[in-house]
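Enquirer: Quick one: the structure is below, questions incoming.
A short reminder: the numbers here are calculations on the coordinates, not readings from a lab. Source: prediction; values computed, not measured. As a convention, Cβ positions derive from the backbone with ideal geometry for all residues, glycine included, and neighbour counts pool all protein chains shown.
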Amino acid sequence: MSSSPEVYHPPPHSDLEVSSPGQNTVTVADKFYSDRPQEAVPPQYYYGSGEGDARKERTMCGVRPATFFLSLALVLVILAAAIGGGVGGTMAVNNAKSENSNEAAISTITITTTASPATGTIASASASGSSTSTSASIISVPTAGTVALDCPNIDNTELRMTLVETSVFTVICGRDYPGAKNDILAVTAYSLTDCARACASYNRNSGSKECKGAAFKNDLSYNVPVNYGNCWLKNNTQSPSSGTSNGLAALLLNN
């Protein structure tokens, strides 16, 4: 046996075929791809188109338009109701204040007094209506002095006093109806008119004609402390006494 290496001669490849130049060759790739020409894929396939975005529903402030407008209408209705209620409430308050102001506007009585050191004459009271003040100043009622009495100029004149009904008095200067049995009561009066009012008021409140007249004296300084008044309501005028004093006058009820 020889120990030298042997040379291997491969057998000829008799199974190989030679392709002619005009013959098609089939490759592995042909099994997966078609012979037809391939079409290009548009970019919209991957990125979307503007038409698709346009077809999406529009929104306003993040909500659908119908929802947005309904909400806006509701807000407007609420605002209108609030404004209307506020205006109505203000008008109601103003009307209530106006009614209260009209009720509070009442007449006030202002009494003006003037005192003279020599004669102590007191002027008669005057009344005035006021719509801006509801209270009168506090006054001190005088109990001394001489009040006005225009005798003898008012002798045999009529004095009318209306308290629902009208009472007619005849004024007689210097006359009195003396006697305790003829007196109903004594009051302090600051004018002859106040004395007539006292008689008419007595008859109205008692529902009778018991007061038939009155006697009035203008000297407060003497009559108020001594006789507790200067106007005496009379239930009898049948026994008059006459004098010449201009500080005394009688009131004779005619009706």
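Enquirer: Which translational diffusion coefficient, to the nearest whole µm²/s, is obtained for the stretch 134-255 from the Stokes-Einstein equation, given a Kirkwood hydrodynamic radius over C-alpha pairs, 25 °C and 0.890 mPa s? Don't jump to the answer; show the numbers that get you there.
Expert: On the way: Rh = 14.6 Å.
Value of D from the Cα-based Kirkwood radius: 168 µm²/s.
Enquirer: If amide hydrogens are placed 1.01 Å from N in the peptide plane, which non-local residues have theirs closer than 5 Å to the one on Thr188?
Expert: Placed amide hydrogens put Asn230 under 5 Å from Thr188.
Enquirer: At a 10 Å Cβ-Cβ cut-off, how would you order Val75, Val164, fewest neighbours first? Numbers along the way, then the final one.
Expert: On the way: Val75 10, Val164 6.
In increasing order of surrounding Cβ atoms, one gets Val164, Val75.
Enquirer: On to the next question. If the chain between Leu79 and Val168 were fully stretched, how many nm would it gain, using 0.36 nm times the residue separation less the Cα-Cα distance? Walk me through the numbers on the way to the answer.
Expert: Details: separation 89, 0.36 × 89 = 32.04 nm, distance 6.90 nm.
Taking 0.36 nm per residue and subtracting the Cα distance, the gain is 25.1 nm.
Enquirer: Then there is this: Give me the extension gain from Glu210 to Ala92: residue separation times 0.36 nm, minus the current Cα-Cα distance, reported in nm with one decimal.
Expert: Values: separation 118, 0.36 × 118 = 42.48 nm, distance 5.28 nm.
Extending this stretch completely gives an extra 37.2 nm.
Enquirer: Tell me, what ³J(HN,Hα) does each residue in the stretch 227-238 have, in order and in whole Hz, if you take phi through Karplus 6.51 cos²θ - 1.76 cosθ + 1.60 with θ = phi - 60° and put x for Gly and Pro?
Expert: 9, 6, x, 10, 9, 10, 7, 10, 9, 8, 10, 8
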